[in-house]
Amino acid sequence: MAIDYQTHEYDVLVVGAGGAGLRAAIEAANAGVRVGVICKSLLGKAHTVMAEGGVAAAMANVDERDNWRVHFSDTMRGGQYLNNPRMAELHAKEAPDRVRELEAWGAVFDRTEDGRILQRNFGGHRYPRLAHVGDRTGLEMIRVLQDHAVHLGMTFHMECTVVDLLKDGDRVAGAFAYDRERGRFMVLKAKAVVLATGGIGRGFKITSNSWEYTADGQALAYRAGAELMDMEFVQFHPTGMVWPPSVRGILVTEGVRGEGGVLKNSKGERFMFNDIPDLYKNQTADNEEEGWRYVLGDRNARRPPELLTRDHVARCIMREIKEGRGSPHGGVFLDIAWIKSRVSGGAEHIKRKLPSMYHQFKELAGIDITEEPMEIGPTTHYMMGGIRVDADTQMARVPGLFAAGECAAGLHGANRLGGNSLSDLLVFGKRAGEFAAIFARERGDAKVHESQVEEAARRALAPLERQAATGSEGPFQVQQSLQDTMQSLVGIVRTEAEMAHAVEEIGKLRERAAKVAAYGNREYNAGWHTALDLENLLTISEAIARSALDRKESRGAHFREDYPNKDPEFGKLNTILERGADGSMKLRREQLPPMAEELAKVIEEMK
Amino acid sequence: MPPVTFNIWRGGAEGGEFKEYRTEVTEGMVVLDAVHQIQAESANDLAVRWNCKAGKCGSCSAEINGKPRLMCMTRMSDLPVNQPVRIEPMQAFPSIKDLVTDVSWNFEVKKRLKRFKPRKPDAPDGSWRFAQADTDRVQEFRKCIECFLCQDVCHVLRDHHKHEEFIGPRFFVYSAALEMHPLDEEDRLEDLKRANGIGYCNITKCCTKVCPEHITITDNAIIPLKERVVDRFYDPVRMLLRVIGG
């Protein structure tokens, strides 16, 4: 079959234009290689824009006791020690420079009294560590990266989707893609490819993620021969909106709690005081007064239990709801209005600290958060697992294939701390771009094989060709069934039977997906796009379910009702997945990478 | 609640027409929800651009009952649903398909504007010192989510098509953010006057009215920039006016 396509040639191709992709592209362009960036949306719309609370970096501007060691050990503790220690080390050491660099590119952060970058408290971080600007840090970051990148001579392919990676022998050779506007095919030939495609939220019914987060990068890498790791660890953010139904899942920043917001059940109890994990007992306030003093910046006060890690807070909220102490619409209450009794000009203070939250609730729910509590509940937010990469270079098992940001695994272990995703994408976005450029320079051209192009094109066109067939259904119905399955069977609380059932259901959905038809033509056709996304979502949903089934313990974001405790044996293992020669998913457990002695010592000291 | 009728523009660059759809509206729904429901139920190939669904990314701009708005921030309960709800793409930009328009001109414009140029760092570690008040001053401009609704409604672009000579409200806000940036040292006044056509704006404030982020575009961004341009290039006139006016 003769395929009609356009060819573009780059040294480094970056897939995704959120924070990680843009940071990688900037680094590669600065290294002097030809860079192409392909993204599914317009520039500046990627999910980084939604990040609210801030970027974690141990700059010690607010509390001079902070340093990379504390940040490193906080990250490891938050991840329940499944993190790759080398990545956690690099992240903690390099984040401050990456943040300062943003300022040099034009970012404007909130300031301390003496004019430095202000840092705020966040869950799991021992000291105020999140550089921020109000509650729209992500917008500031993506805009600065975008505006900086466009002047560096790279090419952007906006509103284009990658169908498959192309390979030349073992190494990556580029990508096959289509433009969403007209449905025209393109071959993006590249010596190195950086995947920076973000998360998997669209596999679940209640999510803070937009349509884009269909696990593309993870699935592309998996099909191309890379390994996936820690896929059982899906972060359910404790505070998403629950009412009205159409906004269910939209994120409510942890910054609300950082500014003094408290969680209450229908009886008015601050239930977070009832369950403080041993690992955090020393660092957590046991009374309301101390918690409030912490919010005010009292350095001798311990943090309020609302700022415990996200996995724990989400589970406590679920318990309140399950045991009948929830709010009218199936959540619990998050109250920031109460601080008016403690802060002069309280309403204005709330609006200044949390402007976009004020706006979001006012316009979408008709609620004034300076007057009333919010109703919130857990929402699928972030994938800790992902493409397994080398800690220093971010290269996957496939030579020339790099991954950074949410689609890569390693830094966050079993649970990510708030604020560590923005620093993750800066630190490892930069590294991926740097090493991809080096790889491209050293290795030279890769060859694109026409047979792979044809195969990818055939796969891409199949749903459109099925529109004449009988017995086909639309893609949206299958996607909804998958979301229902994952939400109810592989959600916050998991059991053996339910997950085994999920694996079975995913198999059936695969059969339905193989018959899905897209109606209409190739131009800006959401049905066609959704049909193609299904393959990726199904693969990664299966990866999540299989990994979660295999980990017979509860740790971090992975909670099993049938194994409610941590198992020290599983605490030594990562879950690794790869595609077998027969196309089936192969799972194995692997010992954690060894930790450098120096790092082990740091953890011991910080306990 | 009975189903609501929607008239949605379907078509592309070659033309199109309004098509009628009916769908159930439930509590709290926004226009984007209704459009998605219609897409899933009866128009799988309906083209609509969206991302965050929370008013933060600025993707789902359209004209609803003739008003430029974000579909995700327009609640159904605020519209008269006893008559058809009319949804069409932004009119100031070329149509791609259905509700999606070609906004690439905006990205081209931004690329040719002078970029951020910071003063020398204040501290040996390469960082700067400035006050929270300086951050607060530019916050309003930096809130912009690039939905381009202000560009859509600006008559200089919409009716007079001055795309070659005029950068539009979005990029005056952008210019103001840079001009008033606490660290920036670049001079953009010459460009604002000549290449960027700030003189074309006759401060009708339509842009301010449609901004979903409530940025006071005209008063806080455009007028101060106009004043700076006037100060630089037309000072003798002001002197003359002062003499005449006593």
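The values are calculated or read from the model by the stated rules, or taken from the named source; none is laboratory data. Given the structure is predicted, the values throughout are model-derived calculations rather than measurements. Counting neighbours? That spans all protein chains shown, and the Cβs are built from the backbone with ideal geometry, glycine included. We work out accessible area using only protein heavy atoms, side chains counted, and drop any ligands, DNA or RNA first. Shrake-Rupley method; radii C 1.70, N 1.55, O 1.52, S 1.80 Å.
In the list B:T208, B:T204, which residue meets the criterion of being assigned to a loop (DSSP other than H, G, I, E, B) and either open to solvent by 10 Å² or more (accessible area, probe 1.4 Å) or modelled with pLDDT of 95 or more (or both)?
Just one listed residue meets the conditions, B:T204.
Among the residues of region A:79-108, count how many are over 20 Å from A:E598 (Cβ atoms) and either open to solvent by 20 Å² or more (accessible area, probe 1.4 Å) or at pLDDT below 95 (or both).
Of the residues in that region, 7 qualify.
Take the residues in region B:56-77 that are within 13 Å of chain A (Cβ to nearest Cβ) and among the charged types (D, E, K, R); name whichever of them is most open to solvent (accessible area, probe 1.4 Å).
Among those residues, the one meeting the criterion is B:R69.
Can you tell me which of (1) within 19 Å of A:A460 (Cα to Cα); (2) in contact with an Asp or Glu (Cβ under 9 Å, 6 or more places away or on another chain); (3) more than 9 Å from chain B (Cβ to nearest Cβ) is the one A:W211 doesn't meet?
Only one criterion is unmet by A:W211, namely (3).
Select from region A:333-379 the residues that are part of a loop (DSSP other than H, G, I, E, B), buried (at least 16 other Cβ atoms within 10 Å of the Cβ) and away from chain B (no Cβ under 14 Å) and list them in ascending order.
Selection gives A:I336, A:V343, A:I369, A:T370, A:P373.
Looking at region B:36-56, which of the residues that are more than 17 Å from A:Q479 (Cβ to Cβ) and out of contact with any Phe, Trp or Tyr (no Cβ under 8 Å at 6 or more places or on another chain) is modelled with the highest pLDDT?
B:R49
Please determine whether any residue of region B:140-151 is open to solvent by 30 Å² or more (accessible area, probe 1.4 Å), more than 8 Å from chain A (Cβ to nearest Cβ) and in a helix (DSSP H, G or I).
yes
Failed condition for B:C57, given (1) assigned to a helix (DSSP H, G or I); (2) in contact with a Ser or Thr (Cβ under 8 Å, 6 or more places away or on another chain), with all others met?
The single condition B:C57 does not satisfy is (1).
Out of region A:105-134, which residues are within 14 Å of another protein chain (Cβ to nearest Cβ) and either touching a strand residue (DSSP E or B) at 6+ places or on another chain (Cβ under 6 Å) or closer than 26 Å to A:G556 by Cα (or both)?
Within region A:105-134, A:F109, A:I117, A:L118, A:Q119, A:R120, A:A131, A:H132 meet the criteria.
Of all residues in region A:440-483, which are open to solvent by 50 Å² or more (accessible area, probe 1.4 Å), in a helix (DSSP H, G or I) and within 14 Å of chain B (Cβ to nearest Cβ)?
Correct list: A:R466, A:Q467, A:Q477, A:Q480.
Say whether the condition of being in contact (Cβ under 8 Å) with a residue 60 or more places away in the chain, in a helix (DSSP H, G or I), away from chain B (no Cβ under 14 Å) and surrounded by fewer than 18 Cβ atoms within 10 Å (Cβ to Cβ) is met by at least one residue in region A:284-291.
Scanning region A:284-291, I find no residue that is in contact (Cβ under 8 Å) with a residue 60 or more places away in the chain, in a helix (DSSP H, G or I), away from chain B (no Cβ under 14 Å) and surrounded by fewer than 18 Cβ atoms within 10 Å (Cβ to Cβ), so the answer is no.
Report the residue count in region B:172-201 for those that are within 12 Å of chain A (Cβ to nearest Cβ) and among the aromatic types (F, W, Y).
Residues flagged as within 12 Å of chain A (Cβ to nearest Cβ) and among the aromatic types (F, W, Y) within region B:172-201 amount to 1.
Within region A:569-590, how many residues are more than 24 Å from the chain's Cα centre (by Cα) and under 20 Å from A:L411 (Cα atoms)?
Looking only at that region, the number is 0.
Regarding region A:580-598, can at least one residue be identified that is assigned to a strand (DSSP E or B), touching a Phe, Trp or Tyr at 6+ places or on another chain (Cβ under 9 Å) and open to solvent by 60 Å² or more (accessible area, probe 1.4 Å)?
Looking for residues that are assigned to a strand (DSSP E or B), touching a Phe, Trp or Tyr at 6+ places or on another chain (Cβ under 9 Å) and open to solvent by 60 Å² or more (accessible area, probe 1.4 Å), one finds at least one in region A:580-598, hence yes.
Can you pull out every residue in region B:15-33 that is more than 9 Å from chain A (Cβ to nearest Cβ) and open to solvent by less than 20 Å² (accessible area, probe 1.4 Å)?
Across region B:15-33, the qualifying residues are B:T23, B:V25, B:V31.
Looking at the structure I just gave you, is B:K226 part of a helix (DSSP H, G or I) and in contact with a helix residue (DSSP H, G or I) (Cβ under 7 Å, 6 or more places away or on another chain)?
yes
Which residues, counting only those in region A:380-393, are of a type outside the set (D, E, K, R) and either in contact with a strand residue (DSSP E or B) (Cβ under 6 Å, 6 or more places away or on another chain) or buried (at least 24 other Cβ atoms within 10 Å of the Cβ) (or both)?
Within region A:380-393, A:T380, A:H381, A:Y382, A:M383, A:M384, A:G385, A:G386, A:I387, A:V389 qualify.
Looking at region A:257-264, can you tell me whether even one residue there is open to solvent by 20 Å² or more (accessible area, probe 1.4 Å), touching a Leu at 6+ places or on another chain (Cβ under 8 Å) and assigned to a loop (DSSP other than H, G, I, E, B)?
yes
Of all residues in region A:500-534, count the ones that are among the small types (G, A, S), more than 22 Å from A:T197 (Cβ to Cβ) and not in a helix (DSSP H, G or I).
Here the count works out to 3.
Could we say that A:K508 is touching a Phe, Trp or Tyr at 6+ places or on another chain (Cβ under 7 Å) and at pLDDT 95 or above here?
Taking the combined requirement at face value, the residue does not satisfy it.
Take residues that are open to solvent by 10 Å² or more (accessible area, probe 1.4 Å) and touching a helix residue (DSSP H, G or I) at 6+ places or on another chain (Cβ under 7 Å) and tell me which of the strands (runs of 3 or more DSSP E) falling wholly in region A:120-187 contain 3 or more.
Here the list reads A:160-168.
Run down B:T204, B:T101, B:T208 and say which single residue is under 30 Å from A:H359 (Cβ atoms), more than 9 Å from every other protein chain (Cβ to nearest Cβ), of a type in the set (S, T, Y) and touching a Pro at 6+ places or on another chain (Cβ under 6 Å).
The conditions single out B:T101.
Can you pull out the residues in region A:297-330 that are without any contact (Cβ under 8 Å) to a residue 40 or more places away in the chain and within 25 Å of A:R342 (Cβ to Cβ)?
A:D298, A:N300, A:A301, A:R302, A:P305
Go through region A:217-255 residue by residue and tally those that are at pLDDT 95 or above and part of a helix (DSSP H, G or I).
Total satisfying the criteria: 7.
What number goes with the only condition from (1) within 14 Å of another protein chain (Cβ to nearest Cβ); (2) open to solvent by 20 Å² or more (accessible area, probe 1.4 Å) that A:V49 does not pass?
(2)
Just to check your reading of the model, which residue among B:P94, B:P80, B:P121 is free of Cβ contacts under 8 Å to residues at least 24 places away in the same chain, of a type outside the set (V, I, T), surrounded by fewer than 16 Cβ atoms within 10 Å (Cβ to Cβ) and within 13 Å of chain A (Cβ to nearest Cβ)?
After ruling out the rest, the residue left standing is B:P121.
Given the criterion within 30 Å of B:G28 (Cβ to Cβ) and surrounded by fewer than 24 Cβ atoms within 10 Å (Cβ to Cβ), identify the matching residue among A:G240, A:G225.
From the options A:G240, A:G225, the qualifying one is A:G240.
Mind listing whichever residues of region B:126-135 are more than 7 Å from every other protein chain (Cβ to nearest Cβ) and loosely packed, with under 15 Cβ neighbours inside 10 Å?
B:A133
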